[in-house]
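Since the structure comes first, as structure tokens, the remarks are kept for the end.
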Amino acid sequence: MVIVSTGYAFNRTRNTYLATHVSVASTHWSRFCGLMGKNATRFPAGEGLWIVPCHGIHTFAMKFPIDVIYLDADQMIVHLEQELKPWRVAPVSLRTASVLELPASTLQGSGTGLGDEIEIVLGESRGSDTA
């Protein structure tokens, strides 16, 4: 599985970082595999996986719950899944252009909600002290 690029995800509405290290899954295989088989220790607070393009996700073969942000083409939040457990299928949304997967409790801790504007910047990461 090839997951490329590194960047960060910032909630412009709440003025807070959601992830200071975002990887991008943009190939068919990397989008399908996502976080399958990883341990939670390899996806700690501050990490994120941006799946592009994407209309919905599954958590098959995952070992830990995640928070999920569904983004439209303007990177506005159109749907949220908090602490989505392993071996689940999340809703499919045709309004969704991409999905951002985050460690569980990120949404609650940041106050992130529907309609928030998310900025995802690739090519640079933010230090872990900014999350």
(request) Based on the mean of other Cβ atoms within 10 Å per residue, sort peptides 44-50, 112-118, 95-101 so the most packed one is first. (result) 95-101, 44-50, 112-118
(request) Would you work out which of G37, G7, L80 lies farthest towards the positive end of the dipole of the chain, given +1 charges on the beta-carbon of Lys and Arg and -1 on that of Asp and Glu, about the Cα centre? (result) G37
(message) If each DSSP helix of 4+ residues adds -39,500 (n - 2.57) and the sum is divided by the residues in the chain, what number results at 222 nm, nearest 500 deg cm²/dmol?
(response) -2000 deg cm²/dmol
(message) Sequence gap at least 6, Cα distance under 8 Å: using those rules, report the relative contact order of segment 20-88 to the nearest whole percent.
(response) 30
(request) State to the nearest 20 debye the size of the charge dipole of segment 53-121 about its Cα centre, where the only charges are +1 on K and R beta carbons and -1 on D and E beta carbons. (result) 400
(request) Indicate the gyration tensor shape class of segment 15-72 (rounded, prolate or oblate), computed on the Cα atoms with a ≥ b ≥ c the square roots of the eigenvalues: a/c under 1.5 is rounded; otherwise a/b larger than b/c is prolate and the rest oblate. (result) oblate
(message) Just to be sure I understand the model, the point goes 7 Å from the Cα along the line to the Cβ. What's the resulting T6 to W29 distance in nm?
(response) 2.2
(message) Per residue, how much accessible surface does the chain expose to a 1.4 Å probe? Answer in Å², no decimals.
(response) 50
(request) Please report the Cα spread of the chain along all three principal axes, rounded to whole Å, starting with the longest. (result) 33, 30, 25
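In debye, nearest 20: dipole of the chain around its Cα centre with unit charges on the Cβ of K, R (+) and D, E (-)?
On the way: 10 positive and 12 negative charges, 87 e Å.
Charge dipole, the chain, about its Cα centre: 420 debye, nearest 20.
Relative to the compact-globule scaling 2.2 N^0.38 Å, provide the ratio for the alpha-carbon radius of gyration of segment 66-112.
In units of the globular-protein estimate, segment 66-112 measures up at 1.09.
The values are calculated or read from the model by the stated rules, or taken from the named source; none is laboratory data. Please read these numbers as outputs of a predicted model, since none were measured by experiment. As a convention, Cβ positions derive from the backbone with ideal geometry for all residues, glycine included, and neighbour counts pool all protein chains shown. Surface accessibility is based on the protein's heavy atoms, side chains included, excluding ligands, DNA and RNA. Shrake-Rupley method; radii C 1.70, N 1.55, O 1.52, S 1.80 Å.
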